Amino acid sequence: MEHYDLIVIGSGPAGRRAAIQAAKFGRSVLVVEKGRRVGGVSVHTGTIPSKTLRETVLNLTGWRERGFYGRSYRVKQDICAEDLRARLHITLNHEIEVLENQFARNKVTTMRGEARFVDTHKIEVIGESGEIHHFSAGRFLIAVGTKPFRPDYVPFDGRYILDSDEILEIAELPRAITVIGAGVIGVEYASIFSALDCHVTLVEPRNSMLDFIDSELVADFTHQLRDRGIALRFGSKVERIEKHGPGQCEVLLEGGRRVRSDVILFAAGRMGSTTALNLDACNLETDHRGRLKVDPMTFQTSVPHIYAAGDVIGFPSLASTSMEQGRIAACQALGETAYDPPEYFPYGIYAVPEISTVGMTEEEVKDRGIPYECGVARFRETSRGHIMGLETGLLKMIFSLKTRRLLGCHIVGEGATELVHIGQAVLNLKGTLEYFVENTFNYPTLAEAYKIAALDAWNRMPPLER
Ligand SMILES: Cc1cc2nc3c(=O)[nH]c(=O)nc-3n(C[C@H](O)[C@H](O)[C@H](O)COP(=O)(O)OP(=O)(O)OC[C@H]3O[C@@H](n4cnc5c(N)ncnc54)[C@H](O)[C@@H]3O)c2cc1C
C-alpha cells in the first residue's frame, strides 16, 4: 500500500492549494479527485463558468455601452445558448491546463476516483471501471466541497427545471425564467438572465436578500433589479412546482400566487459532498447539510490528523477563502508555521451590477455601539464614470469617529470586485480617513470614488488633531 505524508480528497480551490503548499514543504502528497478532470466546482460548475457566462453576456449584449447608446443597443442580435457555451469551454480548458501543469511542476501525485475511508489512516479509491486502490497517510485533508441541494418536491428534469450545475448546459435561452432562492448564486444568475432580456422572477421565502451585505447597498441593488423589470417575489414560500409540458413550468406560491416561465432554476442551497466518504470509519459526523465542523483557526476536525477546508466546512463558501483555508490547513497538518489570516476578507457577488464588500456593515457598527460616520460617492460623480457612461454605482465607507480608522467599505457597481481591494488594504493595515484624503489617485479612474467618499465623510467628521 502506498503511503503519503498528506492525502487530499478533492481538487477544488481548497484541495489544490493545500496540495501545492504541502509539496512546497517537500512532503509527499496525493490528491484524489472523483471528477473527470481536476479543478472542483470552482472550475467546472461554479465560479469560473458563471463568471465566464457573465462576461460573455455583458460583451454580447453590449450591456456596458447602453448608458451611451440606449437600452436597445446590442453587440449581437439573437444571442443563443451556443454563443454562451463557446467561450465557456475555451476558458475552462485553459484553467484546467494551468492546474494540471501546477500539479505536475510541484510533483503532486493525482489519482482519479472516489475516495472513502477504510479506517482512520487508510482510504480506498474506486476508479472509473470499478478497480480499487488502497492508500494510507499520516494526515488527511477533506476538501470535497458541495453539490446542489435537490429537495424531493422539485421535479428536476435536466432541461426545464434545473439546478445551478445544470443551468450551464441549458439547451436554449428561455424567454422567461423563475429563479428560486435569492442567495448569492440565485441573485447572480437572475441578474445575468435579465441582462439577456429574459423575463426574470426571483422567488425567496424570506422577506429580504443578502442579509450579510450593508442594507444601503442592498436597497440600491434591489432598486436596480426592479428598474430592469425583474419581478421580486419575496416572503413567498414555494408550495409546489409543476411542469405542464415542455417549457411550461409553474411555481405555486403560498397564498395562491402563480409564476409561469419556460425554465426554473432552483438555487436554494448546497449540501456537503460527504456521503461517499464513509466518515463512520474515521469517527467523524456531519451536520444536516453534510458539513464538517473544524477548529476555525487550524481547520482540524475532531479527529486530530484529519483536517477539512473549503465549502465542506460551510460559511463563507467562496473559492477565495477556500484557497486560503486549504493552504493554512496544510501548514497546520504538517506542523509548519501558519500565520493567522487578517481579520477581514472581501466578499464578491458577481451579479449585474457587481457587489463587493469588506469589513463591518453600518448595521454591525451600530450594533457594536461604535460612534461612526459614513462617506458615499456615486460613480457618476467621477470623470471615469462619465467616460464609461455609468448611470449607477455607489461606494460607501464607514469610519470610526474616535480613531478615524476605516471600518467597512461597500461597493455596488461596475468593477466593484476589483475596486474593493483598495478598501481591503487600508482596512487590514488599520488605515484612517486621512489615507484617502491625502493620497493622489490616478485620474480619471473609478478609484477616485474613494477620495470623493472620504471627503464626503470628512465634511461631517470632527477636525483631526495633529
Ligand atoms: C454557481 C456558483 C458560483 C460561484 N461563484 C463564486 C465566485 O464568484 N467567487 C468565489 O470566490 N466563489 C464562488 N463560488 C464558490 C466556489 O465555487 C466554492 O467556494 C469553491 O469551489 C469551494 O472549493 P472547495 O475546494 O471547497 O470544493 P469544490 O470546488 O467543490 O471541489 C471539491 C472537489 O472534491 C471532489 N470530490 C467530492 N467527493 C469526493 C470523493 N469522495 N473522492 C474524490 N473526490 C471527491 C469533487 O468532485 C470536487 O471536484 C461559486 C459557486 C457556485 C456554485
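The values are calculated or read from the model by the stated rules, or taken from the named source; none is laboratory data. Everything numeric here is computed off the predicted structure, so don't read it as measured data. Using ideal geometry, Cβ is built from the backbone for each residue, glycine included, and neighbour counts are taken over all protein chains shown. Heads up: the accessible areas ignore ligands, DNA and RNA and are worked out on the full protein's heavy atoms, side chains in. Shrake-Rupley method; radii C 1.70, N 1.55, O 1.52, S 1.80 Å.
With +1 assigned to the C-beta of every Lys and Arg and -1 to the C-beta of every Asp and Glu, and no other charges, what is the dipole magnitude of segment 159-268 about the Cα centre in debye, to the nearest 20?
Here the size comes out at about 520 debye.
Quantify how much of the Cα-Cα distance distribution of segment 255-391 extends past 24 Å, in percent. Pairs farther apart than 24 Å: 56 percent.
Quick one: compute the contact order of segment 264-412, relative version, from alpha carbon pairs under 8 angstrom and 6+ residues apart, as a percent.
14 percent
How much accessible area per residue does segment 300-342 have, counting only protein heavy atoms and a probe of 1.4 Å, in square angstrom? Spelled out: the 1.4 Å probe surface of segment 300-342, per residue, equals 41 Å². Averaging the Cα positions of each part gives two centres, and for segment 137-188 and segment 229-305 these lie 8 Å apart.
Only beta bridges with both residues in the chain are counted; by DSSP, about 60 percent of them are antiparallel.
Going by the alpha-carbon gyration tensor, a ≥ b ≥ c the square roots of its eigenvalues, is segment 43-84 rounded (a/c under 1.5) or, if a/c is not under 1.5, prolate (a/b greater than b/c) versus oblate?
It comes out oblate by the Cα gyration axes.
Scalar couplings 3J(HN,Hα) for segment 115-124, obtained by applying the Karplus form with A = 6.51, B = -1.76, C = 1.60 to θ = phi - 60°, are 8, 9, 6, 9, 8, 5, 10, 10, 10, 10 Hz; x denotes Gly and Pro. The phi torsions of segment 145-150, fed into the Karplus equation with coefficients 6.51, -1.76 and 1.60 and a -60° offset, translate into couplings of x, 9, 9, x, 6, 10 Hz, rounded to whole numbers, with Gly and Pro shown as x.
3J(HN,Hα) couplings calculated from phi for segment 365-378 with the Karplus curve 6.51 cos²θ - 1.76 cosθ + 1.60 (θ = phi - 60°) are, in sequence order, 4, 4, 4, 7, x, 8, x, 8, 9, 10, x, 10, 10, 9 Hz; Gly and Pro show x.
Would you mind telling me the share, in percent, of accessible area of the chain contributed by carbon and sulfur at probe 1.4 angstrom? Looking at the chain in its full context, I get 49 percent from C and S.
Hey, any idea what the orientation-averaged projected area of the convex hull of segment 128-179's Cα atoms comes to, in nm²?
Projected over every direction and averaged, the Cα hull of segment 128-179 covers 6.7 nm².
For the chain, averaging the sequence separation of C-alpha pairs within contact (under 8 Å, six or more residues apart) and dividing by the residue count gives a relative contact order of 15 percent.
Only aspartates and glutamates eight or more places from Lys107 in sequence, or on another chain, were considered; those with a Cα closer than 18 Å are Glu2, Asp5, Glu33, Glu97. Taking every alpha-carbon pair in the chain and binning the separations at 10 Å intervals from zero gives 4, 18, 26, 26, 19, 7, 1, 0 percent. With 18 Å as the limit on Cα-Cα distance, the pairs of Lys366/Lys430; Lys34/Lys293; Lys396/Lys451 that go past it are Lys366/Lys430; Lys34/Lys293. Only alpha carbons enter this Debye calculation for segment 376-466, each as an equal point scatterer, and the log10 of I(q)/I(0) it gives at q = 0.13 Å⁻¹ is -0.39. Pick out, from Val437, His305, Ala86, the residue whose Cα sits farthest towards the positive end of the charge dipole of the chain, with +1 on the Cβ of Lys and Arg and -1 on the Cβ of Asp and Glu. Among Val437, His305, Ala86, the one farthest towards the positive end of the dipole of the chain is Val437. Could you compute the longest span of the chain free of GluC sites (Glu not before Pro) located in DSSP loops and having at most 15 other Cβ atoms within 10 Å, not counting the site residues? Result, exposed sites excluded: 1-127. The separation of segment 368-440 from segment 85-119, counted between C-alpha centres, amounts to 38 Å. With the charge dipole of the chain set up from +1 on Lys and Arg Cβ and -1 on Asp and Glu Cβ about the Cα centre, the Cα lying farthest toward the positive end among the listed residues Thr109, Asn278, Val352 is that of Val352.
Dipole orientation for segment 132-178: of the candidates Ile161, Val144, Ala176, Val144 has the Cα lying most toward the positive pole (charges on Cβ; Lys, Arg +1; Asp, Glu -1). With a ≥ b ≥ c taken as the square roots of the eigenvalues of the C-alpha gyration tensor of segment 33-104, please select rounded if a/c is under 1.5 and otherwise prolate if a/b is larger than b/c or oblate if it is not? Judged from the Cα gyration tensor, segment 33-104 comes out prolate (a/c at least 1.5, a/b above b/c). Amide H to amide H distances under 5 Å link Val31 with Val8, Thr109, Thr110, Met111, where only residues 5 or more positions off or on other chains count and H is placed in the peptide plane.
Size of the dipole of segment 97-170 about the Cα centre, Lys and Arg at +1 and Asp and Glu at -1 on the beta carbon, nothing else charged, in debye to 20?
480 debye
Assuming charge only on the beta carbon of Lys and Arg (+1) and of Asp and Glu (-1), the dipole of the chain about its Cα centre is about 400 debye to the nearest 20. Distance distribution P(r), segment 183-296, all Cα-Cα pairs, bin width 5 angstrom from 0: 2, 9, 16, 18, 16, 12, 10, 9, 6, 2, 0 percent. Within segment 85-161, the chymotrypsin sites (Phe, Trp or Tyr not before Pro) that combine a DSSP coil assignment with at most 14 other C-beta atoms in a 10 angstrom radius are Tyr153. Across segment 313-374, the fraction of Cα-Cα pairs farther apart than 18 Å, rounded to a whole number, is 55%. In units of the compact-protein estimate 2.2 N^0.38 Å, segment 318-445 shows a Cα radius of gyration of 1.20.
Normalised Debye scattering of segment 80-229 at q = 0.18 Å⁻¹ gives log10 I(q)/I(0) of -1.16, counting only Cα atoms as equal scatterers and leaving out solvent.
Rg then Dmax, both in Å and based on the Cα atoms of segment 349-410: 13.7, 41. Counting only protein heavy atoms and a 1.4 Å probe, segment 222-277 has 49 square angstrom of accessible area per residue. When the trypsin sites (Lys or Arg not before Pro) in segment 334-439 are filtered for DSSP coil states and for at most 16 other beta-carbon atoms within 10 Å of their beta-carbon, the remaining sites are Arg368, Lys402, Lys430.
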